[in-house]
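Engineer: Below is one structure. I have some questions about it.
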Amino acid sequence: MSPARAARNGPSLLPGAASPSPWLALAVLLLSFLAALELVAATAAIRAAAAWSPRLAGTVTVAVGGGGLESAEAAAARATEILARAPGVASISVLDPDPADVAAARMMGLSGTATAGNPPRLLATTFTDRERISAAALARDLRREHLAAAVDDHGVWTGPMERTAVVAVAAAVGLLLVVITLVWALAAAAAGGAVRQREERVNLLLHLGATDPMIVRPFRARAAGAAAIGAGVGAGAAAALASAAIWSPTVADWINAQVTAQIGASPSLDAWDLAAVAIWPPVAVLVAALAAGATAKARLRALA
Amino acid sequence: MSRKPIKAVNKSEASAPPEADVVRLLGAAVRIGAGRRTGPPLSLDLEAGSAHVITAGPGAGKTALLETIALARPPLKGAIELFGKNLARVRPAARHALRRRIGVIFQDLRLIDALSARDNVALAARAAGRSPEEYDKPLVEVLAWVGLTRLADEPASHLDGEGRGRLAVARAVINRPDLLIADEPSGEAVLKLLSDLNEAGTTMLIATRDADLAEQSGAEVTSLVPAP
């Protein structure tokens, strides 16, 4: 406060009590960095699962091999007719032949005899949202017509993706709760210490008729200010790291490797995921202000 | 040392119309210091505009009693009524309203040495929720009344003992309290100011170990006899 303004407003009730606590700001900064990164990761995981799971779940891939005198192409044509009669099938397209189809068909469970010397063909089948037939039922229909076929519902892809989202969200919620608890505890400790430091002055102010809010306000402002600085810088640093992961391939590769090692899959980040960071600073400020206010009020009750 | 005694105003002479007792002690006993010692139970009525002197030796619980009346601590036994309200029934959040009706001159004065005389008094006005526009004029008047106009911008630490006493009185009266509590007031100037205040109708409760002062004051005197 400028000297002129101070003279105009009169003496401060609790000089310096509203100045942000540096150590609280530093502690909140470190916690905010973690919390903001976790929020970005959780948002990316949810977005990836939400975007890809329905798309993958709405299609199946059918591998059809030739058998006896029937070529793979002829078997694929027959399979197309069978699939077209199945309930809920929207479209069927025979994919162009590719050398990797043999390996893909084997991975899908098509036996070696069906793929040997007669490259299988892959059919992409999409469903309408209603009356969708299961992959197992489709496979039964095809085998009933003596076709060597395997049907993949992409569960091998959607499973880890959905698991990753669940793990990321659970980890984010857990970590956020821990961080919120720590911010509360730190802000409460800082406010308690600040009141204790000024106990004589606070006691005098109570005697002079100051209300609880008049005394609590600066301590609340002190914690909120420190939290705003710490959370702003911490969340900003997390956003900078996430930005690097989005726009720098080297950083992205490194992060992908770390995340994949931890939870089995790594959703790629998107610029929109950075918006999640903006949630944290107001939460941190609110938590710190509430904790400091409650603690300062409790100290006043003990004094008064 | 010559001193002007506090002149207690006869209740019928008081300019303010009589109202409910300002302070009423009903067998109130207080905890002395931080230990388990309890002061003797005390009953007294302090009517508006009157003065009452409580006298006792050191450690008898005078300060504890005044602090209890000033809502700094709860009574251990009995009841205390302030402005017709039983303190036991006053919510903690509502205590400030009663405190604003009380001016306190502490035994150790509790001035803030780093602040100027003017700001020490202004602090009391601010704590009572008044804006500078509201208290600027009364502040100048009260500093003039206690004789500190010339020293208004001096830090409290630069004032001598008498000046600090005058400043403590100024701070206690800036909010025009209905009750003035003085714990061991001393010095001719301070006693003269208290006498003038009482003559003007301010209700006053004074604690002193000085039996002569109590005798000369003309006020009702209660002696605290330490509990065995």
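Engineer: Which condition number in (1) part of a helix (DSSP H, G or I); (2) surrounded by fewer than 20 Cβ atoms within 10 Å (Cβ to Cβ) is the one that B:Leu123 fails?
Structural biologist: (2)
Engineer: Name the single residue that is nearest to B:Ala28 (Cα to Cα) among those in the range B:53-85 being buried (at least 22 other Cβ atoms within 10 Å of the Cβ) and not hydrophobic (A, V, I, L, M, F, W, C).
Structural biologist: The qualifying residue nearest to B:Ala28 (Cα to Cα) is B:Pro75.
Engineer: Here are A:Ala114, A:Ala135, A:Ala165: which of them is over 19 Å from A:Thr59 (Cβ atoms), modelled with pLDDT under 85, aliphatic (A, V, I, L, M) and under 31 Å from the mean Cα position of the chain (by Cα)?
Structural biologist: A:Ala165
Engineer: A follow-up question, please. Would it be correct to say that B:Pro177 is under 30 Å from B:Pro40 (Cβ atoms), more than 14 Å from chain A (Cβ to nearest Cβ) and either aromatic (Phe, Trp, Tyr) or part of a loop (DSSP other than H, G, I, E, B) (or both)?
Structural biologist: Against the criterion (under 30 Å from B:Pro40 (Cβ atoms), more than 14 Å from chain A (Cβ to nearest Cβ) and either aromatic (Phe, Trp, Tyr) or part of a loop (DSSP other than H, G, I, E, B) (or both)), B:Pro177 does not qualify.
Engineer: Next question, about the same structure. Quickly run through the range A:190-199 and pick out the residues that are part of a helix (DSSP H, G or I) and either touching a helix residue (DSSP H, G or I) at 6+ places or on another chain (Cβ under 8 Å) or within 14 Å of another protein chain (Cβ to nearest Cβ) (or both).
Structural biologist: A:Ala190, A:Ala191, A:Gly192, A:Ala194, A:Val195, A:Arg196, A:Glu199 - these are the residues of the range A:190-199 that are part of a helix (DSSP H, G or I) and either touching a helix residue (DSSP H, G or I) at 6+ places or on another chain (Cβ under 8 Å) or within 14 Å of another protein chain (Cβ to nearest Cβ) (or both).
Engineer: If you don't mind, there's one more thing I want to ask. From A:Val202, A:Val166, grab the single residue that is closer than 30 Å to B:Thr68 by Cα, of a type outside the set (Lys, Arg) and either surrounded by 22 or more Cβ atoms within 10 Å (Cβ to Cβ) or more than 14 Å from chain B (Cβ to nearest Cβ) (or both).
Structural biologist: Unique residue meeting the criteria: A:Val202.
Engineer: Follow-up question, since we're still on this one. Could you please tell me which pairs satisfy a Cβ distance under 7 Å, a separation of 6+ or placement on different chains, a first residue in the range B:113-125 that is more than 9 Å from chain A (Cβ to nearest Cβ) and closer than 12 Å to B:Arg171 by Cα, and a second residue that is among the basic types (Lys, Arg) and not in a helix (DSSP H, G or I)?
Structural biologist: none
Engineer: Here is a list of conditions, (1) free of Cβ contacts under 8 Å to residues at least 40 places away in the same chain; (2) within 14 Å of another protein chain (Cβ to nearest Cβ); (3) buried (at least 17 other Cβ atoms within 10 Å of the Cβ), and B:Asp153 meets all of them except one; can you say which number that is?
Structural biologist: Among (1) free of Cβ contacts under 8 Å to residues at least 40 places away in the same chain; (2) within 14 Å of another protein chain (Cβ to nearest Cβ); (3) buried (at least 17 other Cβ atoms within 10 Å of the Cβ), the lone unmet condition for B:Asp153 is (3).
Engineer: Can you tell which of B:Leu194, B:Leu205 is more than 18 Å from A:Leu208 (Cβ to Cβ) and within 12 Å of the chain's Cα centre (by Cα)?
Structural biologist: B:Leu194
Engineer: Sticking with this one: Quickly run through the range B:188-201 and pick out the residues that are farther than 12 Å from B:Gly147 by Cβ, touching a helix residue (DSSP H, G or I) at 6+ places or on another chain (Cβ under 8 Å) and small (Gly, Ala, Ser).
Structural biologist: none
Engineer: Could you tell me whether any residue of the range B:73-89 is assigned to a helix (DSSP H, G or I), without any contact (Cβ under 8 Å) to a residue 24 or more places away in the chain, more than 10 Å from every other protein chain (Cβ to nearest Cβ) and in contact with a strand residue (DSSP E or B) (Cβ under 7 Å, 6 or more places away or on another chain)?
Structural biologist: For the range B:73-89, residues assigned to a helix (DSSP H, G or I), without any contact (Cβ under 8 Å) to a residue 24 or more places away in the chain, more than 10 Å from every other protein chain (Cβ to nearest Cβ) and in contact with a strand residue (DSSP E or B) (Cβ under 7 Å, 6 or more places away or on another chain): present.
Engineer: OK, next. Just the residues that are within 15 Å of B:Gly165 (Cβ to Cβ) and more than 8 Å from chain A (Cβ to nearest Cβ), please, taken from the range B:95-105.
Structural biologist: B:Gly103, B:Ile105
The values are calculated or read from the model by the stated rules, or taken from the named source; none is laboratory data. The structure displayed is predicted, hence computed values, not measured ones. Glycine gets a Cβ as well: all are built from the backbone with ideal geometry, and neighbour counts include every protein chain shown.
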